[in-house]
Amino acid sequence: MNRVVPQFQTRVLRGGSVSSERVEAPDRAGVAAALGVPPQHVLAVRELTAVEAGRPWRRRAKFPLQLFSQELAVLLDAGIALLEALNTLREKESQPGVRAALDAVITQIEQGQPLSAALSQQPQAFDELVCAIVAANEKTGQLSVALAQHARYLAWVDALRSRLVAALVYPLMLLGVGSAVILFLLLYVLPRFAGILEQTSASLPWASRVLIEFGQTAGAQPALVLGGLALAASAVYALLRRPALRLRMQAALWTLPGLGPRLRVLALARLYRSLAMLLAAGVPALAALRIVVDVVAAPWRGAVLAAAAQVERGERLSAAFDAQDLATPVARRMLRVGERSGEVPAMLERAAAFHDEEAARLADLLSRLVNPALMLIMGVLIGGIIVLMYLPIFQLVEQVQ
């Protein structure tokens with residue numbers, strides 16, 4: 001899917017008068033160029049939401065940051081100059097949003113800005129993590145090495161996410177198929193079955209009578225039932241998009257026995273790996289901690305900020321992590337060894353690699369717990385409906401005998 005170019009509502013000075021105009025531009029810095037006026041003539045800029053822009057169903061595609069870092073590292077390693085390498089990446093790109101972001105970066109570099117400053121002007125494409133890595137290495141000649149490491153880090157994050165998503169595919173399919181079978185029984189089978197039972201004078205068991213009456217009501221108005229389910233699903237989806245609720249759900253998951261400790265270890269592994277990458281790139285520990293706040297899981301952000309405050313007061317990184325419960329037993333020992341030997345980035349990387357196996361264990365745990373639980377729930381629901389449908393027939397057979 002092509003990336004949607006953002007729209008901005010602006011107030012611009014034209015011919016001595018102020019007018020309000022809507023314009024598409026890659027970012028705020030490109031609004032003046034899109035309007036064809038000097039930057040000082042743009043008096044106010046506000047980015048429109050998807051609904052305001054008249055395309056609520058469209059979502060912006062993410063900038064391919066991993067591919068960008070990997071390809072730029074390869075081109076720089078081949079001896080190609082930075083500006084020529086960026087132009088090469090821009091020429092091969094087909095997505096308008098990506099081309100616009102690269103155009104803006106190239107323009108800034110042609111005006112004499114360093115790469116880190118040019119990237120920071122495109123926050124919708126380049127996060128603070130890659131900007132800090134580039135800023136720490138663009139003057140040392142190690143930019144290609146740092147970009148390659150950043151690409152590997154993003155590949156690790158994507159692999160971790162893909163492994164967990166893959167573990168949830170089968171439960172979601174089972175839930176969807178089971179729900180479809182239950183709806184079929186309630187909306188199609190039950191109303192017709194009830195018509196047969198109405199011709200008999202036998203009294204129905206209480207549970208069967210309630211189920212059949214529900215099926216008759218639902219079968220008489222299937223559109224209303226399906227619409228209500230769609231409305232409920234939309235409401236749940238809207239609630240899940242609220243950051244406060246998602247934070248509470250994540251914190252609740254972290255308290256579950258068995259699952260919670262593994263989720264916390266995976267979050268800490270990401271913290272160690274991102275922090276190791278920044279420290280290896282030459283970013284000071286205090287600045288690196290403040291950068292990774294937006295990278296780590298939300299429940300750990302307060303602890304990371306507190307650890308940064310301790311480091312700012314002169315405490316060692318290992319002591320700060322111990323105080324804020326950010327160090328696993330393995331990471332604690334490796335971090336202390338790294339502080340003594342001067343190899344903190346390497347030790348954090350090793351600690352993260354040690355905990356990578358938790359992803360496989362978590363996927364296995366989800367498969368062993370969620371799949372049987374869903375199968376049991378669906379089996380009970382579907383089997384219960386069928387048993388309650390056939391109870392009246394069993395009762396009639398007993399009466400005939």
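Some points to look at:
- Screening ALA352 on (1) within 30 Å of ALA244 (Cα to Cα); (2) out of contact with any Phe, Trp or Tyr (no Cβ under 8 Å at 6 or more places or on another chain); (3) not aromatic (Phe, Trp, Tyr) shows it passes everything except condition (2).
Here's the yes/no breakdown for (1) buried (at least 18 other Cβ atoms within 10 Å of the Cβ); (2) out of contact with any strand residue (DSSP E or B) (no Cβ under 7 Å at 6 or more places or on another chain); (3) part of a helix (DSSP H, G or I):
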residue	(1), (2), (3)
ALA251	no, yes, yes
THR255	no, yes, no
ARG264	yes, yes, yes
LEU271	yes, yes, yes
LEU286	no, yes, yes
LEU289	yes, yes, yes
TRP300	yes, yes, yes
LEU305	no, yes, yes
SER318	yes, yes, yes
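- Residues of the stretch 4-43 satisfying the condition of being part of a loop (DSSP other than H, G, I, E, B), at pLDDT below 75 and open to solvent by 20 Å² or more (accessible area, probe 1.4 Å): VAL5, GLY15, GLY16, PRO26
- Long-range neighbours under 7 Å by Cβ, at least six apart or interchain, first residue exposed (fewer than 13 other Cβ atoms within 10 Å of the Cβ) within the stretch 203-228, second not β-branched (Val, Ile, Thr): ALA207/LEU388
- Pair list, Cβ < 8 Å and 6+ apart or interchain, from the stretch 260-275 residues that are over 13 Å from ALA351 (Cβ atoms) and basic (Lys, Arg) to residues that are in a helix (DSSP H, G or I) and open to solvent by less than 10 Å² (accessible area, probe 1.4 Å): ARG262/LEU362
- Single residue of the stretch 172-206 satisfying the filter (small (Gly, Ala, Ser) and at pLDDT 75 or above) that is farthest from MET375 (Cα to Cα): ALA180
- Every residue from the stretch 183-194 that is loosely packed, with under 14 Cβ neighbours inside 10 Å and in contact with a helix residue (DSSP H, G or I) (Cβ under 9 Å, 6 or more places away or on another chain): ARG192
- Whenever a residue of the stretch 88-112 is modelled with pLDDT of 85 or more, its partners that are surrounded by fewer than 17 Cβ atoms within 10 Å (Cβ to Cβ), lying with C-beta atoms within less than 6 angstrom and at least six residues away or across chains, give the pairs LEU102/ARG90; ILE109/LEU83.
- Residue check for ARG163: among the basic types (Lys, Arg), within 26 Å of VAL292 (Cβ to Cβ) and either touching a residue at least 40 places away in the same chain (Cβ under 8 Å) or open to solvent by less than 30 Å² (accessible area, probe 1.4 Å) (or both): yes
- Every residue from the stretch 74-122 that is outside any helix (DSSP H, G or I) and under 13 Å from GLY30 (Cβ atoms): GLN121, GLN122
- Answer from PHE68, PHE126 - the residue that is in a helix (DSSP H, G or I), at pLDDT 85 or above and out of contact with any Lys or Arg (no Cβ under 7 Å at 6 or more places or on another chain): PHE68
The values are calculated or read from the model by the stated rules, or taken from the named source; none is laboratory data. In this text, all values refer to a predicted model and were calculated from it rather than measured experimentally. Don't worry about glycine lacking a Cβ; one is built from the backbone with ideal geometry, like all the others, and counts go over all protein chains shown. All accessible areas refer to the heavy atoms of the entire protein, side chains included, with ligands and DNA or RNA removed. Shrake-Rupley method; radii C 1.70, N 1.55, O 1.52, S 1.80 Å.
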